[in-house]
Amino acid sequence: MRPYKILNLALLILLFAAFAACKKVINVNLNSTSPMYVVEGNVTNQPGPYLVMITQSINFDQDNVYPTVSGAVVVITDITANQADTLKETTPGNYNTSIITGTPGHKYQLYVNAAGNIFTASSTMPMFVTLDSLYTQASPFGGDHPQLVPVYTDPKLIGNNYHYYHFTEYKNDTESDAILVRSDALINSQVIKQPIGGDGLNPGDSVAIYLECIDSGVYQYFTTLQQTQNQNTSTPANPLTNLTGGALGYFSAHTSSLKSLIVQ
């Protein structure tokens, strides 16, 4: 997920909050909001290194150039394997692992110290689910643009331990802005063939879909982020994050499976 999605949303929340308190015409200091830290970290079942990005939000009237945060101490610990990895800052605001390996079933903990501001999060990597195939079909609503249909087998449900999925879509090497999440709370333990995304697809387009198995905390983050983006209100709520310490963003340990196609 591109970091500016989180940053633009933070910007709107701060702006709407400023105007929500105004019941009459008053002078508002639109530049008085304090920057917020934005942390985005991922560990996957694919070979590393894994990346943690740290930036700061900006005021609404500034250019969309988000300050990177350098000099932070960033540590990811594989709690299950009792292995800690202190990340190296490879470019401003980008911190990479060098030791740990993403393993399904393992629990990972993120620690960030940015100028004395401490942020932590934990995430457990679910078991791997393969994206078996990907195809297009005509939309039942008509129109010239087809729908994308990913096909995968949802694992057997054990107790109330639901499975959660996040889909990332690329069209012609450009990531979609759509937030695509799904759980098996209602439909589980079967082959799933439900359309997702695919807005504006045309013949010849190159499409790639990543199926990511995420834990409940990350699912909650993406679900509330999706709801916040769709809110028609002057006071949108912050998406629920699994980070402690007051930062925006998330930390996710997830598996990833990829399929691609050319639209016919």
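Where a number appears in this text, it was derived from the coordinates with a stated rule and is not lab data. Note that this is a predicted model, so its numbers are computed, not measured. Here the Cβ positions follow ideal geometry from the backbone for every residue, glycine too, while neighbour counts run over all protein chains shown.
Residues whose amide H falls under 5 Å from that of residue 122, counting only those 5 or more places apart or on a different chain, are 110, with hydrogens built in the peptide plane. Each Lys and Arg adds +1 at its Cβ and each Asp and Glu adds -1 at its Cβ; summed about the Cα centre, the range 162-264 shows a dipole of about 200 debye.
Annotation: aspartates and glutamates with alpha-carbon distance below 15 angstrom to residue 107 (same-chain offsets under eight excluded): 78, 85, 215.
Rounded to whole Å, the principal axis extents of the Cα atoms in the range 118-228 read 44, 38, 23, largest first. In plain terms, the C-alpha convex hull of the range 92-132 casts an average shadow of 4.5 nm² when viewed from every direction. Between residue 98 and residue 184, the modelled labels are 3.9 nm apart [label points 7 Å from Cα along Cα→Cβ]. Close amide H contacts of residue 259 (hydrogens built in the peptide plane, cut-off under 5 Å, sequence separation of 5 or more or a different chain): 209, 211.
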